[in-house]
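To start, the structure under review is shown below, and the notes come after it.
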Amino acid sequence: MVEQDFQSKTQQLIDNLKSTCARNGLGNSASEFDIITQVFLYKLLNDKFSYETKQIEPKLADSDNWEQAFNALSEEQREMLVMQLPADAAQLKSEHFISTLFAKQNEADFAKLFDDTLRDIAKLNSETFSVMTDSGEKVALFESISENVSVNKRDDFCRAIINSIAEFSFERIFTQKYDFYAVIFEYLIKDYNSDSGGKYAEYYTPHAVARIMASILVPAEKQGKISNVSCYDPSAGSGTLLMNVAHAIGENRCSIFTQDISKKSSNLLRLNLILNNLVHSIPNVIEGDTMRHPHHKDDAAIKKFDYIVSNPPFKLDFSEIHEELEGKEHQKRFFAGVPKVPAKAKDKMAIYQLFLQHIIYSLKDNGKAAVVVPTGFITAKSIDLKIRKHLIDNKMLAGVISMPSNIFATTGTNVSILFIDATNKGDVVLVDASNLGKKIKEGKNQRTVLSDVEEQKIIDTFNRKEIIDDLSIVVSYDDIATKNYSLSAGQYFDVKIKYTDVTAKEFSEKMKGFTSKLECLFDQSSELEGDIKKQMKGLRYE
């Protein structure tokens, strides 16, 4: 009941912030996204500071006004308190509190005070909470908010924001688990998770796909038993895939590494890491171009990872950097080649092929990966075939799951999940889940939704390597090689012929029926032939 109440209040807070933006001409704009995510994060850090200080100092928890009790402490006591905060809590001063800004909202130049407060928090917590670009520049936790509206509206705009976030505290949600935060995060970004936008735009992965990937990479029997591992996504988006894998492993048992060219995606990922007790991984979040400048290195070599998950962009125009990617320094990484630049439709260049090769190259010898690819990949020729051949010849494929159509609401492309595992020297499991799920309408789009039972059926079938008619097949690496390295389950299913017992009389009647239909078709064919010849004779040159 408490969980539902706070989900409702949190969703109402997000709606109120969106309404404030809309009233100031920022509805559905890039500025609205920046404002809402930053304000939500400010409130989260403020209430987290309150929660954690009360855990350390009971006197604060017992006080009717914890802010006054905090200010009543000596400077030395406050410093000691801040030093004891856990790593995922931001350091704040009393002038940073929401309650302080709330009390000063009627002062002149309140918007400047609001912006200065956010910038000061960002500066104070730069080492822990800053995202990096691939050139080494720090992306601050907060930027100016009021500058997004006209000067004469700024004070009122910031007053509306501070009044919205002062209404209730997040303190009681910090004991909640992953699923609670997943719901909140999804609601927060629901209007911003499209796959439209600039280069390498954020790709949001449905939770059903993310859960299937995580449950196969980290089966139930291994959860809680894995530790000190690295998890990587070279096109991380908002981090849905990584959060699911980290939750399966244990947030305190793994470190997250990411790269994504989108600033929007990096900011969302930072928020997601904070929500999910993965603040220790924020320094590993890189805003930059993975294809040209893969950031994560061990000395000069590209870093290798224990787990890799990714839903990379499928098609994108990278013709401007094509020659660079064909260069000598990238040849080992792009072992199967770089897609050629077409004369037309450059926006359809198969960039997923590069991401997939990068993932294979970045995997440890005993590592595991799960990658979303267009289903066409599993049977296509050229570079796709070379990649499949590499996986099969080197015996590093666990299996493939072909998902239902429209599992992604924003694309009609059919997708499959490729599971890479260099430790799997045995058989490979191929699952055709294309007939599962229920189709629903979401606005103008149609989406296929898997039930919990269907999700679990896919997971169990794969993990147990079960053979189920019209759903899954288990094949050897040699079997796949003889089928031109096809990873389509349907090509390995047995063709079943259904036999039905009939009497001699029934057989005779069926044959008479077939003969009658054929004679009728032949008669129609003769008539059609005569009509065509007649029409042909009537044609004249003019």
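Which value in deg cm²/dmol, rounded to the nearest 500, describes the helix-derived mean residue ellipticity at 222 nm for the chain, given -39,500 (n - 2.57) per DSSP H run of n ≥ 4 and division by the residue count?
Details: 19 runs with 231 residues, N = 542.
Calculated mean residue ellipticity at 222 nm is -13500 deg cm²/dmol.
Arranged from highest to lowest average of other beta-carbon atoms within 10 Å per residue, in what order do the peptides 60-70, 214-224, 263-273, 243-253 appear?
On the way: 60-70: 15.0, 214-224: 17.3, 263-273: 23.8, 243-253: 21.5.
Those peptides, ordered most packed to least, come out 263-273, 243-253, 214-224, 60-70.
For region 376-457, what value does the Rg/Rh ratio take when both radii are computed over Cα atoms and Rh is the Kirkwood radius, given to two decimals?
Values: Rg = 15.0 Å, Rh = 14.2 Å.
Radius of gyration over Kirkwood radius for region 376-457 works out to 1.05.
If the chain between Lys297 and Asp460 were fully stretched, how many nm would it gain, using 0.36 nm times the residue separation less the Cα-Cα distance? Spell out each step's value before the answer.
On the way: separation 163, 0.36 × 163 = 58.68 nm, distance 3.58 nm.
Contour length minus the Cα-Cα distance gives 55.1 nm.
Would you mind listing how long region 188-491 runs along its three principal axes, going by Cα atoms, in whole Å with the largest first?
On the principal axes, region 188-491 reaches 45, 44, 43 Å in Cα extent.
What value in Å³ per residue do you get for the convex hull of the alpha-carbon atoms in the chain?
Working: hull volume 135.4 nm³, N = 542.
About 250 Å³ per residue, rounded to a whole number.
Students often forget the sequence filter, so: which aspartates and glutamates lie under 19 Å Cα-Cα from Lys533 once same-chain residues fewer than 8 apart are removed?
Asp523
Residue separation times 0.36 nm, minus the C-alpha to C-alpha distance between Lys395 and Lys93: what's the value?
Details: separation 302, 0.36 × 302 = 108.72 nm, distance 5.60 nm.
Additional length available on full extension: 103.1 nm.
Return the FRET efficiency for the residue pair Lys344, Ala504: r is the Cβ-Cβ distance, R0 is 56 Å, and the value is rounded to the nearest 0.05. Before the final figure, lay out the partial values.
Details: r = 63 Å, r/R0 = 1.12.
The computed FRET efficiency comes out at 0.35.
Normalised by the empirical 2.2 N^0.38 Å for globular proteins, what value does the Cα Rg of region 364-522 take?
Working: Rg = 20.8 Å, N = 159, 2.2 N^0.38 = 15.1 Å.
It is 1.38.
Using θ = phi - 60° and the Karplus relation 6.51 cos²θ - 1.76 cosθ + 1.60, list the HN-Hα couplings for region 427-440 in order, rounded to whole Hz, with x at every Gly or Pro.
6, 10, 9, 10, 10, 9, 9, 5, 9, 8, x, 10, 7, 10
Based on DSSP, what percent of beta bridges with both residues in the chain are antiparallel, to the nearest 5?
Working: 26 of 47 bridges.
Once the DSSP bridges in the chain are tallied, antiparallel ones form about 55 percent.
So how much slack lies between Lys386 and Ser150, counting 0.36 nm per residue of separation and subtracting their Cα-Cα distance, in nm?
Numbers: separation 236, 0.36 × 236 = 84.96 nm, distance 5.57 nm.
Computed gain between Lys386 and Ser150 is 79.4 nm.
Non-local amide H neighbours of Gly367 (under 5 Å, H modeled in plane, Pro and chain starts lacking H): which ones?
Placed amide hydrogens put Ala422 under 5 Å from Gly367.
Residues in region 203-244 near a label at Asn445, defined as backbone nitrogen under 13 Å from the 7 Å Cα→Cβ point?
Residues passing the 13 Å test: 203-207.
Can you pull the one-decimal nm distance between simple spin-label points at Lys364 and Lys304, each 7 Å off the Cα toward Cβ?
0.9 nm
Under the definition of Cα pairs under 8 Å and six or more residues apart, what whole-number percent is the relative contact order of the chain?
Numbers: 811 pairs, mean separation 53.0, N = 542.
Relative CO of the chain lands at 10 percent.
Check which residues have an amide H placed less than 5 Å from Ile286's amide H, if you skip close sequence neighbours.
When sequence neighbours closer than 5 places are left aside, the close amide H contacts are Thr258, Gln259, Asp260.
What's the percent breakdown of Cα-Cα distances in region 2-175 across 5 Å bins, shortest bin first?
Binned Cα distances yield the sequence 1, 8, 16, 19, 20, 17, 11, 6, 2, 0.
What is the dipole size for the chain, taken about its Cα centre, with +1 at each Lys and Arg Cβ and -1 at each Asp and Glu Cβ, in debye to the nearest 20?
On the way: 67 positive and 77 negative charges, 366 e Å.
Roughly 1760 debye for the chain.
For a 28 Å ceiling on Cα separation, which of these pairs sit above it: Lys297/Lys457; Lys43/Lys138; Lys123/Lys153; Lys395/Lys457; Lys225/Lys425? Present the calculation step by step, with values, prior to reporting the outcome.
Working: Lys297/Lys457 38 Å; Lys43/Lys138 22 Å; Lys123/Lys153 26 Å; Lys395/Lys457 26 Å; Lys225/Lys425 23 Å.
With Cα atoms farther than 28 Å apart: Lys297/Lys457.
Projecting each Cα onto the charge dipole of the chain (Lys/Arg +1, Asp/Glu -1 at the beta carbon, about the Cα centre), which of Gly136, Gly530, Ala89 comes out farthest on the positive side?
Gly530
Mind giving me the FRET efficiency for Asn414 and Gln68? R0 is 41 Å, r the Cβ-Cβ distance, nearest 0.05 is fine.
Values: r = 60 Å, r/R0 = 1.46.
Plugging the Cβ-Cβ distance into 1/(1 + (r/R0)^6) gives 0.10.
Reachable lysines from Lys517, Cα under 23 Å, same-chain residues fewer than 8 places away excluded?
Candidates past the 8-residue exclusion: Lys505.
Coordinate-derived values only; no laboratory data. This one's a predicted model, so the numbers in the text were calculated from it and none came from an experiment. Note that we place each Cβ from the backbone using ideal geometry, even for glycine, and neighbour counts take in every protein chain shown.
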